[in-house]
Amino acid sequence: MKKLLKKLLGLGIATAMCVSLAACTPESPAQDPVENITLVLDWTPNTNHTGFYVALEKGYFEEEGLNVSIVQPPEDGATTMVASGQAQFGIDFQDYLAPVFTSEENIPVKAVATLIQHNTSGIISLKEDGIDTPKGLEGKNYATWDLPVEQAMLKNIVEADGGDFSKVNLIPEYVENEPAALQQDIDAIWVYYAWAGISCKQAGLDTNMIYFKDITPEFDYYSPVIIANTDYLASNPKAAKGFLTACKRGYEFAIENPDEAAEILCKQVPELDPELVKESQEWLADEYKAEVERWGYIDQNRWDAFYKWLYENQLSDEIPAGYGFTNDYLPE
């Protein structure tokens, strides 16, 4: 009987000690709930988007408490999804955003980062056609999208070079295979060199490339940019900053490790051509940040200059200085 009492007493003391210790142990801090974010691309995945896929693969989004889904855009574009709140972030282009910023509907969208520091688009042609300056487009077949802004910009660079824009043959045609088009009835196409230009190079074509920014400074606009829903930004500043912090890490990894970044993109999007991705990634590594220190930074002077040019050429209503973008959510 005494042994039983001792045993029960011992158990009672041990239990009391456990309760006492539990009471003295500080509670584990509650973890913040995971924030779900949808990022809608501007087009099919390519090397403009590599930093996002690196951030997914490396867990950078997770470290910021984010669960990010990357989706391709609907027919009416990424901005529609972002404005409606179906996606918190998306990809668009500064030139395409002008109608958004001048709409009477007050569309809740603004740019929060640029993916590439300078406009890398221009006119590509076969070297044998001799279009080494914009004036050389006279008498040549140019594949046009039939957009007023597009044709006004083309007219500007042709005339800046002393050419006659009326002599350029505008052929309405949406080109999906640039190497094939250049070897058939089209002499010149507006492309982004990092993808279509390198595609032509890998097809064995010897080409000329005329960059818009090299002719007219106002055409060094931001293309492409990350856009965000402004209501989401106001309600979720921490998540927005975390998202862009993870993106920054992804793009800076791609800058420092283009080959590995290319492998990650191809792993995430296996239908891509590995050779095209690899060479494109190496070319873009120097373009993501170019000369700036802060990834994603948008310079107001350059941003405003393009919209001022649109307004002065009656291609857009006036957009106030500094309107439509912010650097406030970028990591330092």
Check: Quick check: anything in the stretch 107-117 more than 18 Å from the chain's Cα centre (by Cα) and not acidic (Asp, Glu)?
Finding: yes
Checklist line | Matching residues in the stretch 252-304 - criterion: being assigned to a helix (DSSP H, G or I) and within 15 Å of THR120 (Cα to Cα) | finding: SER280, GLN281, GLU282, TRP283, LEU284, ARG302
Check: So which of TYR297, TYR323, TYR311 ends up being in contact with a Ser or Thr (Cβ under 9 Å, 6 or more places away or on another chain) and at negative phi?
Finding: TYR297
Item checked: Selection within the stretch 79-101 - in a helix (DSSP H, G or I) and either in contact (Cβ under 8 Å) with a residue 40 or more places away in the chain or farther than 12 Å from ALA228 by Cα (or both) -> THR79, MET81, VAL82, ALA83, GLN94, ASP95, TYR96, LEU97, ALA98, PRO99, VAL100, PHE101
Item checked: Residue satisfying all of: in the stretch 182-213; free of Cβ contacts under 8 Å to residues at least 60 places away in the same chain and surrounded by 20 or more Cβ atoms within 10 Å (Cβ to Cβ); nearest to LYS278 (Cα to Cα) among these -> LEU182
Notebook entry, point to check: So which residues in the stretch 102-115 are assigned to a loop (DSSP other than H, G, I, E, B) and either buried (at least 23 other Cβ atoms within 10 Å of the Cβ) or not assigned by TED's automatic domain parsing to the domain that holds LYS241 (or both)?
Noted result: LEU115
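Here's the yes/no breakdown for (1) closer than 14 Å to PRO45 by Cα; (2) surrounded by fewer than 14 Cβ atoms within 10 Å (Cβ to Cβ); (3) modelled with pLDDT of 95 or more; (4) in contact with a Leu (Cβ under 9 Å, 6 or more places away or on another chain):
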| site | (1), (2), (3), (4) |
| --- | --- |
| ALA254 | no, no, yes, yes |
| ASN257 | no, no, yes, no |
| GLU275 | no, yes, yes, no |
| ASP286 | no, yes, yes, no |
| GLU291 | no, yes, yes, no |
| GLN300 | no, yes, yes, no |
| TRP303 | no, no, yes, no |
| PHE306 | no, no, yes, no |
| TRP309 | no, no, yes, yes |
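The values are calculated or read from the model by the stated rules, or taken from the named source; none is laboratory data. Note that the structure is a prediction, hence the values are computed from the model and not measured. Backbone-built Cβ (ideal geometry, glycine too); neighbour counts: all protein chains shown.
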